[in-house]
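Contents: one structure, followed by commentary.
The values are calculated or read from the model by the stated rules, or taken from the named source; none is laboratory data. Everything numeric here is computed off the predicted structure, so don't read it as measured data. All Cβ positions, even for glycine, are placed from backbone atoms using ideal geometry, and neighbour counts span all protein chains on display. To get the accessible areas, we keep the full protein, side chains included, count just its heavy atoms, and leave off ligands, DNA and RNA. Shrake-Rupley method; radii C 1.70, N 1.55, O 1.52, S 1.80 Å.
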Amino acid sequence: MELLRSNLARVRIPEPTTRIYKHECCISFDTPKSDGGLFVDMSTFLAFGRDCVDWNYEKTGNPVYLHIKQTKKADAEDRPSKKPTLLAIGLDGGFDNSEPQYEEFYEIVIMPDNVTLPFPSVELPEKVRLAVDAILLAEGAERKEQLASWTADKKLVSKYATDLQQLDNDVAVPPVGWKCAKCDKTDNLWLNLTDGTILCGRKNWDGTGGNDHAVNHYKETGYPLAVKLGTVTADLEGADVYSYPEDESVVDPLLADHLAHFGIDFSSLQKTEMTTAERELDQNFNFDWNRIQETGEDVEPLFGPGYTGLVNLGNSCYLAATMQVMFSTRSFCSRYYFDQRLKEAFTTAPADPTVDLNMQLTKLAHGLLSGKYSGPVLEKDNTANAVSSQKQEGIRPRMFKSVIAASHPEFSTMRQQDALEFFLHFIDQVERINSGTPNFDPSRSFKFGIEERLQCSSGKVTYNRRNDYILSLNIPLERAINKKELAEFQNLKAERAAGGKELSADEIVRPRVSLKDCLDCFSAPEEVHDFYSTALTARTTAIKTAGLTSFPDYLVLHMRKFVMEEGWVPKKLDVYIDVPETIDISSMRSNGIQPGEELLPDNAAGDGEQSIKLLADDDIVAQLVSMGFNLLHCQKAAINTSNSGVEAAMDWLLNHMNDPDIDAPISENMQNPDIDQSKVDTLVSFGFEEKLAHKALKASGGDVEKATEWIFSSPSASTAADMDVTTSSGAAVDTLMPDGGGKYRLLGFVSHIGTSTHCGHYVAHINKDGRWVIFNDEKVGVSKNPPMDMGYLYFFERLES
């Protein structure tokens with residue numbers, strides 16, 4: 001006790017706003033359930049596992065800790081299973097995940113000799129008792145940052161409710177017998193609260209639901225609020241009110257009055273329809289994801305190093321699938337596991353290791369690769385003996401998700417995200433934190449150069465170079481290898497439709513396209529219309545071809561399966577890709593300017609030419625817009641790639657969609673600013689040529705940081721008009737980029753289930769130890785039938801020559 005009193009100055013009582021970690025170690029995945037429990041530093045309120053608490057004492061000198069240990073309670077017999085009423089996991093009314101119950105034990109521990117004092121105890125100093133009580137009563141920072149997994153956002157009061165105008169049109173809505181005013185639908189009906197019109201709801205992705213008459217009525221009239229008939233009962237809080245301009249379910253505090261306007265006595269109504277949230281819940285139960293998840297297969301579970309699952313934090317499968325592949329590569333395993341120990345990362349981390357990406361990547365690597373958290377869960381058998389189950393608990397990457405999402409507002413939400421966007425953001429962040437030591441940057445193993453050759457009708461050529469981390473491929477449906485079967489299927493489909501019958505799932509035939517055809521399309525000659533030729537000083541048609549200037553250690557192929565149909569309706573291409581386990585892309589290498597070729601002359605941009613360059617190619621913009629991109633962003637992409645083609649503009653978009661000025665209007669000033677010579681000198685000091693520095697500053701509005709990024713990533717940064725692209729002068733060639741032969745083997749792939757990249761589910765399949773393994777969140781097992789033809793992202797590893 002005297003030892004504790006002598007260290008009271010190192011004990012703090014947390015404020016209500018203090019971040020308190022008490023559910024998971026900051027540098028490992030130990031929890032209060034782990035053998036050694038968890039130790040909360042009573043000065044910083046960071047938590048540490050048994051193996052790490054000594055490191056924290058060495059680093060900070062903080063001696064006093066609250067030790068939290070959880071032990072499993074005996075299971076209650078015949079525990080009832082309740083039907084969920086909330087789209088949530090582990091919350092009242094949510095999915096019952098049947099987790100065992102635990103009881104907690106506490107004690108005060110004084111380092112470095114591990115002196116222990118019991119808690120609670122009246123003999124403890126008041127300051128210690130108050131501090132511990134505050135820690136135990138506080139919501140853990142880990143859970144505060146994890147916005148209630150799978151829980152729909154709390155409904156807000158609609159700003160249109162209070163002053164809602166209701167027409168005096170003598171409409172009286174009967175209590176039963178409702179039907180859409182524009183079709184024969186008698187379910188999924190919505191009452192517009194302005195004019196009393198009853199119309200059917202939106203059509204779901206699978207063809208169920210309504211015929212969009214209610215939403216189209218809003219577009220025609222602007223009447224904002226509608227209530228779903230069949231959800232209105234005496235309990236008005238359960239009614240489903242939707243605000244079209246706010247595009248979400250809302251609360252209407254005056255709903256009773258608004259219903260009374262149309263003669264509706266809500267007290268006598270009975271619930272007959274699902275709310276939007278309930279329908280979403282029902283769809284989650286009934287979504288058929290059998291093939292990709294290998295449902296129905298007797299999957300052999302795997303445990304041990306490299307086979308640790310990642311628990312879904314709530315729509316975080318995009319992160320889990322991507323990170324499982326990343327930590328199956330040599331570059332990331334070496335950088336954050338074999339070559340960096342946990343203690344080393346913690347020692348060099350800032351005071352709060354939870355916000356340090358290097359620390360959290362090292363923590364994640366050790367969690368996934370050590371095997372420490374990959375053992376089977378112990379369960380009770382019928383004789384109450386503990387036996388190993390087929391499941392593992394896996395690890396929860398909360399802190400990693402928090403720190404990687406800190407610079408990206410979308411990834412910090414609990415909404416589903418695009419695995420491609422996450423991969424690019426992740427690579428960008430890894431490159432940033434390793435900028436001081438580029439030789440140790442694992443993201444470079446994915447980096448490669450792309451070179452585009454444009455030849456105008458004068459016969460002269462220009463070359464554009466850029467660096468990238470993905471090769472994004474169009475899918476040429478016209479090259480389907482099963483055209484005969486597709487034609488027969490269309491005939492059968494027409495016959496069934498004429499007879500009022502539906503096709504069974506086994507009868508559906510999908511186009512099948514070879515990966516080779518997708519790769520060939522990338523390199524195939526393409527006409528570029530309205531190309532401005534400096535040789536002709538006029539617009540003409542150019543022929544563009546593309547190739548790779550280097551072959552990365554790991555080649556990531558992105559299959560463009562998502563397109564936008566007419567009317568901005570998103571569509572996922574229902575297609576299979578025949579992907580072999582080995583590929584050879586040697587023929588895709590581009591070697592720069594060839595003997596006998598004459599470069600297009602470099603023409604300083606005068607006023608006339610500048611105005612021409614500011615005009616984005618309408619065809620390029622239209623094609624990008626049809627894919628779902630913002631119109632302004634598409635125009636900027638076309639301009640910044642000199643209207644050289646859709647492929648270049650698409651790559652520019654993927655690399656610049658997070659630019660802070662992406663939504664700024666296009667202007668002459670943006671393209672032709674007054675260049676500050678001191679900024680030019682700054683870029684020259686970085687090793688870039690003065691001519692290139694001028695060009696970069698013009699293209700980026702005079703901003704040095706943006707100009708530097710433009711030089712490295714813009715397709716037009718290193719045009720042949722400025723320099724000989726076959727040399728490594730300026731910034732055209734990154735000498736640290738890996739290069740080698742063009743033969744690759746398939747390391748793994750990420751598949752997507754659902755109609756949009758922002759909904760559904762992601763699963764990873766990885767070739768490990770000579771067999772295919774499925775990583776489906778925390779479930780890890782041998783894959784008997786890997787769906788290699790259904791991938792969204794394919795990861796290839798270069799074969800050593």
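Being open to solvent by 10 Å² or more (accessible area, probe 1.4 Å) and either closer than 21 Å to Leu624 by Cα or touching a Cys at 6+ places or on another chain (Cβ under 6 Å) (or both) is true of Leu477. So for segment 94-111 (the condition being of a type in the set (Asp, Glu), at pLDDT below 95 and not in a loop (DSSP other than H, G, I, E, B)), does at least one residue qualify? The answer is yes, given that some residue of segment 94-111 is of a type in the set (Asp, Glu), at pLDDT below 95 and not in a loop (DSSP other than H, G, I, E, B).
There is no residue in segment 157-177 that is assigned to a loop (DSSP other than H, G, I, E, B), touching a strand residue (DSSP E or B) at 6+ places or on another chain (Cβ under 7 Å), more than 19 Å from Lys228 (Cα to Cα) and at pLDDT below 95. Looking only at segment 616-644, residues that are in contact (Cβ under 8 Å) with a residue 60 or more places away in the chain and either farther than 17 Å from Asn655 by Cα or touching a Leu at 6+ places or on another chain (Cβ under 7 Å) (or both) come to 5 in all.
Matching residues to (1) aliphatic (A, V, I, L, M); (2) assigned to a loop (DSSP other than H, G, I, E, B); (3) open to solvent by less than 10 Å² (accessible area, probe 1.4 Å); (4) within 24 Å of Arg341 (Cβ to Cβ):
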{"position": "Leu3", "(1), (2), (3), (4)": "yes, no, no, no"}
{"position": "Thr18", "(1), (2), (3), (4)": "no, yes, no, no"}
{"position": "Tyr21", "(1), (2), (3), (4)": "no, yes, yes, yes"}
{"position": "Pro32", "(1), (2), (3), (4)": "no, yes, yes, no"}
{"position": "Phe39", "(1), (2), (3), (4)": "no, no, yes, yes"}
{"position": "Asn56", "(1), (2), (3), (4)": "no, no, yes, yes"}
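Taking the criterion of being aliphatic (A, V, I, L, M) and either surrounded by fewer than 18 Cβ atoms within 10 Å (Cβ to Cβ) or at positive phi (or both), the only residue of segment 58-74 that qualifies is Ala74. Residues in segment 428-444 that are open to solvent by less than 10 Å² (accessible area, probe 1.4 Å) and touching a Pro at 6+ places or on another chain (Cβ under 9 Å): Val430, Asn434. Just one residue in the set Arg415, Arg466 is modelled with pLDDT under 90 and closer than 18 Å to Leu557 by Cα; that residue is Arg466. With a requirement of 2 or more residues that are of a type in the set (Lys, Arg) and modelled with pLDDT of 90 or more, the strands (runs of 3 or more DSSP E) lying completely within segment 742-784 that satisfy it span 743-753. Out of curiosity, is Thr329 touching a strand residue (DSSP E or B) at 6+ places or on another chain (Cβ under 7 Å) and surrounded by fewer than 22 Cβ atoms within 10 Å (Cβ to Cβ)? The answer is yes for Thr329.
Any chance segment 530-553 includes a residue that's in a helix (DSSP H, G or I) and out of contact with any strand residue (DSSP E or B) (no Cβ under 7 Å at 6 or more places or on another chain)?
First, pick out the residues of segment 530-553 that are in a helix (DSSP H, G or I): none.
There is no residue in segment 530-553 that is in a helix (DSSP H, G or I) and out of contact with any strand residue (DSSP E or B) (no Cβ under 7 Å at 6 or more places or on another chain).
On the given criteria, is Ser472 in a strand (DSSP E or B) and crowded, with 16+ Cβ neighbours inside 10 Å? Show your work before the answer.
Values: in a strand (DSSP E or B): yes; crowded, with 16+ Cβ neighbours inside 10 Å: yes.
Considered against the rule, which asks whether it is in a strand (DSSP E or B) and crowded, with 16+ Cβ neighbours inside 10 Å, Ser472 comes out as yes.
Residues in segment 480-497 that are under 30 Å from Leu548 (Cβ atoms) and surrounded by 15 or more Cβ atoms within 10 Å (Cβ to Cβ): 2 in all.
Filtering Cys456, Cys521 for residues that are crowded, with 19+ Cβ neighbours inside 10 Å and either in contact (Cβ under 8 Å) with a residue 24 or more places away in the chain or not charged (D, E, K, R) (or both) leaves a single hit, Cys456. Here Thr197 qualifies as over 37 Å from the mean Cα position of the chain (by Cα) and modelled with pLDDT of 90 or more.
Residue-wise test of (1) modelled with pLDDT of 80 or more; (2) touching a Cys at 6+ places or on another chain (Cβ under 9 Å); (3) at positive phi; (4) of a type in the set (Ser, Thr, Tyr).
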position: Ser611; (1), (2), (3), (4): no, no, no, yes
position: Ala622; (1), (2), (3), (4): yes, yes, no, no
position: Leu631; (1), (2), (3), (4): yes, no, no, no
position: Asn643; (1), (2), (3), (4): no, no, yes, no
position: Glu647; (1), (2), (3), (4): no, no, no, no
position: Met650; (1), (2), (3), (4): yes, no, no, no
position: Asn658; (1), (2), (3), (4): no, no, no, no
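On the given criteria, is Ile450 touching a Lys or Arg at 6+ places or on another chain (Cβ under 6 Å), open to solvent by 70 Å² or more (accessible area, probe 1.4 Å) and in contact (Cβ under 8 Å) with a residue 12 or more places away in the chain? The answer is no for Ile450. Out of Phe332, Phe346, which single residue is assigned to a helix (DSSP H, G or I) and closer than 28 Å to His752 by Cβ? It is Phe332. When segment 545-585 is filtered for residues that are exposed (fewer than 15 other Cβ atoms within 10 Å of the Cβ), over 15 Å from Gly791 (Cα atoms) and modelled with pLDDT of 95 or more, the ones remaining, listed by number, are Thr582, Asp584.
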